[in-house]
Amino acid sequence: MEGLLQWFAENRRTLPWRKEPRNPYHVWISEIMLQQTQVATVVDYFNRWMGKFPDIPALSQASQEEVLKAWEGLGYYSRARNLYRAAHILIKTQGGRLPRTSKALQTLPGIGPYTAAAIASLAFGEDVIAVDGNIKRVAARLFAVGEEMTREIALHLLKPLFRPGKAGQLNEALMELGALCCTSRDPSCRDCPFLNSCGAYQKNAVMRYPIPREKKKVPHVKKEGIVLLDGSRVFLKKRSEGEMLGGLWGIPLVDAGKIRGMFSRDGIRLEAVRHAYTHFRITVIPVVMDLKQTDGIDSLGGGKFASPDEIASLPLSTLDHKILAGVRNCSVRREKYCRSASV
């Protein structure tokens, strides 16, 4: 693995959470942000986050809305809610400090086996292997694994290569190799430190590995969005933590076709808004209505009419921003709802 460490020393990216000495809080936040998110996107979010919440006490003292607003656009908002919950737990039980072992870290909300191993090895030097998607891909090709790569298989294959005291360096080097060299598409095999020992390369079959998982059909959800206007204000609801986009404010969403049964008259239907998540796709038909010309607001439950300035300060999902952008940009040929919609 010395060749890998040499490659890493020469090719590692300069990233804000890699500053030495390692700050455990920085490692934790970066690892959570990097879940399902590209490094290029995370850098700016990380820097802004540290400007607002520089440590665990600052994070615990913020409101959940402030935390979600700082996370806005990064997606997978349960990550932000779990960070917030974990910060309160750490203040209460650990004096505002992260546990030093992967086992203890996994007791915190939002920290699973990979994240715990990454934090423990990078921040505290624990000798544990962190298996993420990049490391799985590297291991699958290095050992030409002829079955679906799992965390357990990767741990079994990589464990003999790890040496005491080097886990953090090797974890990070393997992750970087997968991100920069042993990529899923167009890998740079000639630059790889494992070129002469890679099973997949020796077989001239690098792109056959890892063996792909069986793809599951992605569900497609169809909703209607109730865009209820009162002049320039728009009605928003705070979603409960148990539902999609929990903790965020947004346009009330109902099952397709349900609006006609909630209000005495229909509104102006705008162009569909589409958004894709990892596990499902959603299509929303925004239905614009004027408060003065409709009833049924009581059926929407708790919420509030928010001005444009208020909307700018509230945490909203990308889906809701798309819906509101559609209202702002809709045709003004005859729909007064659109003319008044300066949301």
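Quick notes on this structure:
- Near pairs, Cβ below 9 angstrom, 6+ apart or cross-chain, from the stretch 1-24 (over 17 Å from residue 167 (Cβ atoms)) to any residue that is charged (D, E, K, R): 7/176; 7/191; 11/176; 11/191; 13/176; 17/31; 23/55
- Hey, residue 108 closer than 27 Å to residue 54 by Cα, in a loop (DSSP other than H, G, I, E, B) and not polar (S, T, N, Q) or not: yes
- Taking residues in the stretch 71-91 that are under 14 Å from residue 25 (Cβ atoms) and surrounded by fewer than 21 Cβ atoms within 10 Å (Cβ to Cβ), and partners anywhere that are at pLDDT 95 or above and charged (D, E, K, R), not one pair has Cβ atoms closer than 6 Å while being at least 6 places apart or on different chains.
- Only residues that are in a loop (DSSP other than H, G, I, E, B) and under 17 Å from residue 154 (Cβ atoms) were counted in the stretch 190-221, giving 8.
- Per the conditions (1) out of contact with any helix residue (DSSP H, G or I) (no Cβ under 6 Å at 6 or more places or on another chain); (2) touching a residue at least 40 places away in the same chain (Cβ under 8 Å); (3) in the same structural domain as residue 13 (by TED's automatic domain parsing), the sole criterion not satisfied by residue 231 is (3).
Every residue, every condition in (1) of a type in the set (Val, Ile, Thr); (2) over 30 Å from residue 239 (Cα atoms); (3) touching a helix residue (DSSP H, G or I) at 6+ places or on another chain (Cβ under 7 Å), yes or no:
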site	(1), (2), (3)
60	no, no, yes
89	yes, no, no
94	no, yes, no
97	no, yes, yes
117	no, yes, yes
132	no, yes, yes
145	yes, yes, yes
150	yes, yes, no
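- Residue selected from the stretch 94-142 under the condition touching a Cys at 6+ places or on another chain (Cβ under 9 Å) and of a type outside the set (Lys, Arg), by the criterion nearest to residue 33 (Cα to Cα): 134
- Verdict on residue 50 being closer than 15 Å to residue 175 by Cα and surrounded by 13 or more Cβ atoms within 10 Å (Cβ to Cβ): no
- Taken residue by residue, the stretch 235-253 has no member that is among the aliphatic types (A, V, I, L, M), surrounded by fewer than 13 Cβ atoms within 10 Å (Cβ to Cβ) and without any contact (Cβ under 8 Å) to a residue 60 or more places away in the chain.
- When the test is whether a residue is at pLDDT 90 or above and either out of contact with any strand residue (DSSP E or B) (no Cβ under 8 Å at 6 or more places or on another chain) or over 21 Å from residue 305 (Cβ atoms) (or both), residue 222 passes it.
The values are calculated or read from the model by the stated rules, or taken from the named source; none is laboratory data. Values in this document were obtained by computation on a predicted structure and should not be read as measured data. Neighbour counts are summed over all protein chains in view; Cβ atoms, including those assigned to glycine, are modelled from backbone coordinates with ideal geometry.
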